[in-house]
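Since the structure comes first, as structure tokens, the remarks are kept for the end.
The values are calculated or read from the model by the stated rules, or taken from the named source; none is laboratory data. None of the values given here were measured: they were computed from a predicted structure. Neighbour counts run over all protein chains shown; Cβ positions are idealised from the backbone, glycine included.
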Amino acid sequence: MKRVLQVVASFAALLPALAWAEPQKGGVIDVATVGEPPTLDPMASTADLVGIITQHIYETLYTFDNKWGITPLLAADMPTISPDCLTYTIPLRTGIKFHDGSDMTSADVMASLKRWMKVATRGKQAADVISSLDALDERTVKITLKKPYAPLLSLLSLNNAAAIIIPSENADEDPLTKFIGTGPYMLKDRKPDQFIQLARFDGYRPRDGEPDGYGGARKQYLDEIRFVPVPDPNTRVEGAVAGQFAYADSLPVESYDKISGGKTKPLILKPFGWPVFVMNTKQGLNSDVRIRKAIQAALAPEDMLLAAFGSKDFYAVDGAMYPEGFAWHSDTGTEAYKPEGDTEKAAALLKDAGYDGKPLRILTSRQYEFHYKMAQVAKAYLEQAGFKVELDVVEWATLTKNRTDPALWDIYITHSPFLAEPSLNGFMSDNTPGWWSSDAKHKVLDAFNSETDPAKRAKLYEDVQKVIYDEAPVYKVGDFNALAAEAPNLKGVTPAPWPYFWNAYLEGK
Amino acid sequence: MLRSVLNRLLGMVVVMALVATIVFVIVRVTPGDPAAIMLGPDATAADIATLRTKLGLDGSIPQQFLHYLAGVMQGDFGQSIFLNEPVTTALLQRAEPTFFLTVFSLMIATVIALPVGILSAYRRGSLFDQAATTIAMFAASVPSFWLGLLFIQFFAVRLGWFDTSGYGGPGASFGERIAHLVLPALALGLVSSALITRFTRASMLDVLNDDYVRTARSKGMSEWRVVLKHALKNALIPILTVIGLTAALLISGAVVTETVFGLPGVGSLVVSAVLRRDYPVIQGALLVIAGLYVLVNFVIDMLYILIDPRVRY
């Protein structure tokens with residue numbers, strides 16, 4: 001008897017430890033974001049901020065796992081794809097409730113996808129290849145394509161210009177005024193420029209199993225998530241250091257030391273994305289591929305990145321369009337990427353192109369200081385190679401407008417996260433600013449887009465990358481990391497380009 | 001008297017009409033496009049054009065202006081493109097922090113500036129005067145947002161007495177919201193006090209040497225009665241003007257300070273509206289701000305008449 005008691009006592013002693021190990025429900029976190037989102041309708045915008053916030057409210061049929069593979073979310077399983085790759089039959093999960101208490105059926109999915117094809121930038125892209133949309137029964141929908149189109153599932157998975165599923169009765173709204181989805185958190189209150197308050201949705205049914213990237217089970221430990229717009233980056237840093245924000249997004253890399261002690265700690269997403277010089281292939285100097293090749297040779301990414309990010313902890317000199325770790329990674333064609341620049345080669349190319357001294361206009365802004373710093377270093381290297389360079393430094397809104405006019409610029413600077421599907425990168429479309437369109441591009445891209453087998457696609461992507469380097473429609477400067485700050489007791493947050501807070505919990509809660 | 005008031009009112013209408021026109025035109029000719037910003041970086045040109053049509057931005061500028069003017073006449077400033085609510089509602093929501101920030105900053109500024117300015121003038125050339133003048137000079141050259149950053153660093157981050165930014169979360173009580181105004185009000189108040197101190201000092205110096213002050217003294221009046229009653233009353237007009245202008249400046253939104261402290265006030269509304277090219281909000285907010293300016297000036301002019309019966313317009 002005594003022994004039994006001893007055993008019981010020792011188990012009892014273990015209990016607190018067990019309770020500590022298992023995350024507990026409860027708690028409210030404040031998340032400092034870069035500003036107020038232009039809308040809470042993720043179909044209506046491709047802005048990252050819109051995706052970050054609204055992915056907690058709405059869900060898509062598919063999403064990305066932790067290796068950027070496609071995984072089902074509101075779909076019960078991966079689609080059944082016909083052998084000709086033209087029909088996708090998608091089974092839906094059952095027992096899914098919207099925040100208004102109604103059940104999700106294929107009617108809602110149909111109405112939502114139709115709205116997506118009409119309203120969303122990416123939906124319209126899909127609409128070009130979709131010939132019909134059918135509900136086979138309450139729990140199955142079928143998408144029929146005009147031609148094989150592998151990016152379809154990625155388009156259905158993204159969280160911006162997203163194919164979210166909303167109740168069919170709201171699908172006619174544009175702009176959306178009822179923010180009702182199936183996500184783990186629902187909108188409770190919003191005061192523009194003050195906060196967006198999300199509360200746990202008790203009717204949520206997570207998928208079975210464990211969390212896996214954006215997919216798998218989505219746990220709802222936190223009672224509330226509040227997104228607080230803090231446009232001033234220094235104020236975000238100070239707020240994190242003071243312990244006011246459990247998470248502060250998108251911080252300047254200089255603040256790394258400051259957020260390293262005490263009430264907050266740094267969280268690095270490595271790699272986050274790539275800074276890019278987009279060339280205007282339609283009009284002006286850069287409509288000549290020889291000039292573009294001269295620019296490619298002249299630029300010295302090593303110095304540009306160092307100036308922009310200060311420390312190797314925050315960037316990598318890397319010419320591959322996708323860094324190691326992505327299925328798309330390859331070094332094909334990257335010989336043209338010269339870490340230290342090749343001024344002599346650039347000067348020779350420039351001479352062959354018959355360059356007449358017309359200024360090369362680089363359109364950039366100081367919205368992102370690293371764009372501007374890269375522009376300054378680029379200018380020096382380009383001038384060394386014989387270019388005359390004009391920096392056109394404008395504010396961001398002006399840049400987004402001016403880049404749509406091919407008469408105004410030769411290069412503009414931007415950046416992008418590594419999108420899971422390469423063909424969704426802006427310059428893959430013939431119509432986005434830059435207007436890259438060539439036979440070689442169409443040939444490799446068509447082959448890439450019509451193949452659905454992931455392994456074969458990875459191989460085909462090498463051809464795409466080769467053409468990108470041959471024709472230089474864009475110049476990838478390298479890889480860079482993103483810095484955020486999180487409170488030491490905030491656990492379960494996986495670094496991600498669009499941070500999410502389901503699965504997150506407060507330790508000791 | 002009545003005629004002069006009417007004249008002033010008419011002038012106000014003209015000023016407002018000018019402001020409305022100039023703001024409208026400047027906003028439209030500035031590059032940048034609300035539709036492009038709203039749709040995000042990957043939007044196509046066709047999408048942007050469609051949204052522009054929907055927002056009524058595709059008409060000619062005179063066309064859009066007439067449409068806008070017709071609305072304003074009926075008290076309708078239009079609908080915010082981004083907030084999806086009427087501009088009037090947006091402005092009213094932002095009025096609270098800006099109003100109280102103005103009141104507190106002004107209180108802090110005058111409570112510091114008047115005594116210091118008066119004493120400086122009274123003890124002209126003394127150590128106090130020299131110190132006060134130097135500090136005021138220094139304070140006037142410090143940008144208030146920078147002072148704000150220092151305050152955040154010290155009072156919010158190091159001492160943890162206040163939140164670093166914002167205006168309280170959901171369900172914050174009035175007291176909690178007001179607590180968020182302490183640091184920005186201090187920053188603005190201190191900087192504004194410098195200007196008012198200098199004006200108070202100069203204005204007091206002018207009158208302290210006047211004959212009537214000497215007369216008052218020779219009558220055997222107590223010193224502080226001479227200074228505060230006789231001299232100050234006459235010195236007050238320029239001081240009042242500066243206080244009024246400071247108030248107008250603060251109401252129009254201590255733009256940068258509000259942004260640094262993340263206060264959802266009129267100033268930060270204007271900044272974000274400009275950055276996202278929310279035309280109706282920019283127009284509405286600037287019109288209201290200009291209106292307040294004109295109104296404050298009007299009130300000050302009327303106060304002159306009350307303080308100094310000789311003033312006639």
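Some notes on this structure:
- In the range A:322-365, the qualifying residues are those that are among the charged types (D, E, K, R) and under 26 Å from A:Phe448 (Cβ atoms), and the one that is nearest to the chain's Cα centre (by Cα) is A:Glu324.
- Here B:Pro97 clears all of (1) touching a helix residue (DSSP H, G or I) at 6+ places or on another chain (Cβ under 6 Å); (2) at pLDDT 90 or above; (3) assigned to a helix (DSSP H, G or I) except the condition numbered (1).
- Identity of the residue in the range A:168-183, within 14 Å of A:Trp116 (Cβ to Cβ) and crowded, with 19+ Cβ neighbours inside 10 Å, that ends up nearest to the other protein chains (Cβ to nearest Cβ): A:Leu176
- Verdict on A:Lys191 being without any contact (Cβ under 8 Å) to a residue 12 or more places away in the chain and either under 23 Å from A:Tyr500 (Cβ atoms) or among the β-branched types (Val, Ile, Thr) (or both): yes
- Elements of type helices (runs of 4 or more DSSP H) in the range B:243-313, at least 3 residues being away from chain A (no Cβ under 14 Å) and either more than 22 Å from B:Asn84 (Cα to Cα) or not charged (D, E, K, R) (or both): B:279-307
- Sole exception among (1) away from chain A (no Cβ under 14 Å); (2) surrounded by fewer than 23 Cβ atoms within 10 Å (Cβ to Cβ); (3) of a type in the set (Lys, Arg) for B:Arg201, by number: (2)
- Taking residues in the range A:214-243 that are at the interface with another protein chain (Cβ under 7 Å from one of its Cβ atoms), and partners anywhere that are surrounded by fewer than 20 Cβ atoms within 10 Å (Cβ to Cβ) and part of a strand (DSSP E or B), the pairs with Cβ atoms closer than 7 Å and at least 6 places apart or on different chains are A:Arg226/A:Val28.
- Reported count of residues in the range B:28-56, each being crowded, with 18+ Cβ neighbours inside 10 Å, in contact (Cβ under 8 Å) with a residue 60 or more places away in the chain and more than 7 Å from chain A (Cβ to nearest Cβ), is 1.
- Selection within the range A:245-288 - free of Cβ contacts under 8 Å to residues at least 12 places away in the same chain and of a type in the set (Ser, Thr, Tyr): A:Ser260, A:Ser287
- Residues located in the range A:329-349, provided they are within 18 Å of A:Trp274 (Cα to Cα) and among the basic types (Lys, Arg): A:Lys338
- Qualifying positions in the range B:119-164 - away from chain A (no Cβ under 14 Å), assigned to a helix (DSSP H, G or I) and farther than 18 Å from B:Gly189 by Cα: B:Leu119, B:Ser120, B:Ala121, B:Tyr122, B:Leu127, B:Phe128, B:Asp129, B:Gln130, B:Ala131
- Exclusive hit being of a type in the set (Gly, Ala, Ser), crowded, with 24+ Cβ neighbours inside 10 Å and under 30 Å from B:Gln153 (Cα atoms), set B:Ala254, B:Ala235: B:Ala254
- Subset of the range B:79-90 [part of a helix (DSSP H, G or I) and either within 12 Å of another protein chain (Cβ to nearest Cβ) or without any contact (Cβ under 8 Å) to a residue 40 or more places away in the chain (or both)]: B:Thr89, B:Ala90
- Residue in the range A:447-458 that is surrounded by fewer than 19 Cβ atoms within 10 Å (Cβ to Cβ), facing another protein chain (nearest Cβ under 10 Å) and not in a helix (DSSP H, G or I) present: no
- Checklist (1) under 23 Å from B:Leu286 (Cα atoms); (2) facing another protein chain (nearest Cβ under 9 Å); (3) surrounded by fewer than 13 Cβ atoms within 10 Å (Cβ to Cβ) applied to B:Met73, failing item: (2)
- Qualifying residue in the range A:464-474 (condition: among the hydroxyl-bearing types (Ser, Thr, Tyr) and assigned to a helix (DSSP H, G or I)): yes
- Every listed requirement among (1) assigned to a loop (DSSP other than H, G, I, E, B); (2) in contact with a Ser or Thr (Cβ under 6 Å, 6 or more places away or on another chain); (3) hydrophobic (A, V, I, L, M, F, W, C); (4) at pLDDT 95 or above is met by A:Ile180 save one, (2).
- Test: residue in the range A:37-47 that is more than 14 Å from chain B (Cβ to nearest Cβ), part of a loop (DSSP other than H, G, I, E, B) and either modelled with pLDDT of 95 or more or farther than 26 Å from A:Phe245 by Cβ (or both): no
- Of A:Ala199, A:Ala161, all but one fail to be within 12 Å of chain B (Cβ to nearest Cβ), modelled with pLDDT of 95 or more and under 25 Å from the mean Cα position of the chain (by Cα); the exception is A:Ala199.
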